[in-house]
1. Determine the dipole magnitude for region 262-395: charges of +1 sit on the beta-carbon of Lys and Arg, -1 on that of Asp and Glu, nothing else is charged, the reference point is the Cα centre, and the result goes in debye to the nearest 20.
2. Using +1 at the C-beta of Lys and Arg and -1 at the C-beta of Asp and Glu, which of 479, 525, 443 has the Cα lying farthest in the positive direction of the dipole of region 417-597?
3. Please list 3J(HN,Hα) in residue order for region 344-360, calculated via the Karplus relation 6.51 cos²θ - 1.76 cosθ + 1.60 where θ = phi - 60°; whole Hz, with x for glycine and proline.
4. Near the amide H of residue 418, under 5 Å away, which other amide H atoms are found, from residues 5 or more places off or on another chain, if H is placed in the peptide plane?
5. Which of the listed residues, 546, 561, 573, is farthest toward the dipole's positive end in region 516-598, when Lys, Arg count +1 and Asp, Glu count -1 at the beta-carbon?
6. If you rank 586, 278, 558 by fewest surrounding Cβ atoms within 10 Å, what's the result?
7. With +1 on the Cβ of every Lys and Arg and -1 on the Cβ of every Asp and Glu, and nothing else charged, how large is the dipole of region 417-597 about its Cα centre, in debye rounded to the nearest 20?
8. What is the fewest-to-most order of 181, 440 by other Cβ atoms lying within 10 Å of their Cβ?
Amino acid sequence: MLAMSNQNADVEALDQRFASLGVNGASNENGQRGPRSRYVPPHLRNAGPAPQADGERSVSPAAPAPRASGWGAPREGGRGGYSRGGDFGRGEQNRGGDWGNRSGGGFGGAGGRRDDRGPRQYVKDPSDEFAHRPDVKPRDSRLETQLYGSQHNSGINFEKYDDIPVDASGHDAPEPIKNFDDSLLDELAKSNVKLAGYRHPTPVQKYSVAIVTAGRDLMACAQTGSGKTAAFLLPILSQNFKDGPPDHQADGGQRGAGGYGRSRPKVTPSTLVLAPTRELALQIYEEARKFAYRSWVRPCVCYGGQPMVDQVRDLERGCELLVATPGRLVDLIERGRVSLAAVRYLVLDEADRMLDMGFEPQIRRIVEKEDMASADERQTLMFSATFPRNIQMLARDFLKDYIYLTVGRVGSTSENITQRVEYVEEADKHSVLLDLLYADAETSEKDNKTTLTLVFVETKRSADMLCNFLLQNNFPATSIHGDRTQREREQALHSFRSGRTPVLVATAVAARGLDIPNVGHVINFDLPSDIDDYVHRIGRTGRAGNTGKATAFFNLQRDKGVVKELLEILMEAKQDVPEWLDQCRREAERDMQYRSYNRRGGRGGSRGASRFGGNVDYRKETGGFGPRSGGFADKRPGGRDDFGGSHGSGFGGYGGGGYSSGGSGANNWF
Ligand SMILES: Nc1ncnc2c1ncn2[C@@H]1O[C@H](COP(=O)(O)OP(=O)(O)OP(=O)(O)O)[C@@H](O)[C@H]1O
């Protein structure tokens, strides 16, 4: 089946045009039969009508006529008449043969291939399981290889995820799904899950699919590497597939590529995913492409460091799901290129990280001050590794009646990672690192498998210096940090991912979210001063049920500030705790007490009690946060405003909470 359609693809640039359905006998909402106009997704409006293929429905009379160039489709092609629900009226799928994806895996819009050769024809294989679904494009083996080809399988410990304790609080929390097949996910979503190699849902996915499908908001804290990305993408895309393309407003809703009209229309995505870093945004975008395969949903990604013009051009080809970093999105909004009026699903991934990076003003502006629908009219999902006070405030302001989900202990590490702490004085770090890397290289050779090693340092300068040192010692290494250009960062990641340079020296910029298969070892050459960063850093290994190891260089001089929390983490994850580390903790505590005594009322001690305080749903504990600006205090009887009134306008006035955020947008240290 696949081979056949590919053959056709080679011979005549395979394509399928299908009709707008809702015609030829379909009933409309009033039960009347007859032709109706149909929605044509903006990025599909350039192509002409297709000849009727076997097993295909007829072409919609409303389909735009073919044009010599792929640009400038008639605007009215996208207007009105779209019928939600059912399998009808989902519009045609032809977009100049490019399938809504960039060619060659180009990122950031720059790689977008503009196919001006006119319309192509897709012919759907009648034996295709989705032959009856006009909203589903035919298979494309080339694209499948590109999207799923390098799929790495889940590891031997994948089933162990089921042992992780999960807590879902909030009223009427939906039951989690048991598996993908029996879930309420749309069939296309299920099919794409299989292609992605996912056999069983992870705990966060089991809950998230149920929660999103039930139309509820979600605040989730789950361990690193436990599949949070699919946990939000899958149910959202599935809902998109079930609902069909949105009926874009006539007042300048998103349309196809430019070339018409004087003022260029705004792009109006229905799903917005905000992520803290460019790399993470890219990664989410790549995952979205996997799960949106064969559908009308066209994901796009926008982040700083890439020419705006390329990204805008790409957006104008159609964008239903936008993944963006907050700063770049604000730019696009200011330039009038993006409107958030159509957003029905809002996701804040790594929310705590975004706040740490100083993005709160931009995030609040995007969510509260632009044209986005209110919390009551959209579904909002927030993911965060920790649940400090500033994140609770955001949850209170952005979410409505949400389910609070914790998977594992908030801030804990996966037991799939074997953690070791070595006492290493500053002067010895280089030689100990070489020893470890030699050992890794030997293991790789013995196992005949490239194992990648990620080395974290604290500053950009030391990243460069350490990388040079490794190169001088004949270790193929590269580096990633905030002073490198976006291109250099992407090249470094690519080179690391492919195993060409199996050692990557990184600052915290690579600590979160990055999902690189085969990272077998994470070395904290410099321990971070914030222990949550440690958790994220080592979470780059031991992902998706795979095992990994993490080594931290520790010395009392430099790292006494994190020793207590480091010990807690090791014990929590049932790791061996060296006796000397406990001694160091005692020494550090004595030292702190002494200092605080001398300073009279100095802070003393580290950040309060235990770091594992985040599993608590604060609404339960405190009776709620009081009214949100949207007003749902009535749903929370007994609520009181623990945090002092409205937070609608001011940024950053929360008094810091118990969480070290730094809060400045400068990020100079990474
Ligand atoms: N159900 C599943 N079956 C198999 N593999 C999965 C499944 N869910 C996710 N994965 C894979 O597990 C890896 C980690 O997933 P993901 O990046 O979404 O984790 P995460 O929870 O977002 O991690 P982090 O907290 O580090 O950002 C990815 O390679 C993903 O493809």
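Each reported figure results from applying straightforward, stated rules to the coordinates on display, with no laboratory input. Keep in mind that what you see is a predicted model, and the values were worked out from it rather than measured. We place every Cβ from the backbone using ideal geometry, glycine too, and count neighbours over all the protein chains shown.
1. 500
2. In region 417-597, that residue is 479.
3. These are the phi-based 3J(HN,Hα) values: 10, 10, 10, 10, 10, 8, 6, 4, 5, 5, 4, 5, 4, 7, x, 8, 4 Hz.
4. For residue 418, the qualifying residues are 548, 549, 550.
5. Value computed over the given set: 546.
6. Numbers: 586 11, 278 23, 558 16.
In order of increasing Cβ crowding within 10 Å: 586, 558, 278.
7. Details: 24 positive and 29 negative charges, 113 e Å.
Magnitude of the dipole: close to 540 debye.
8. Working: 181 11, 440 20.
Lowest count first: 181, 440.
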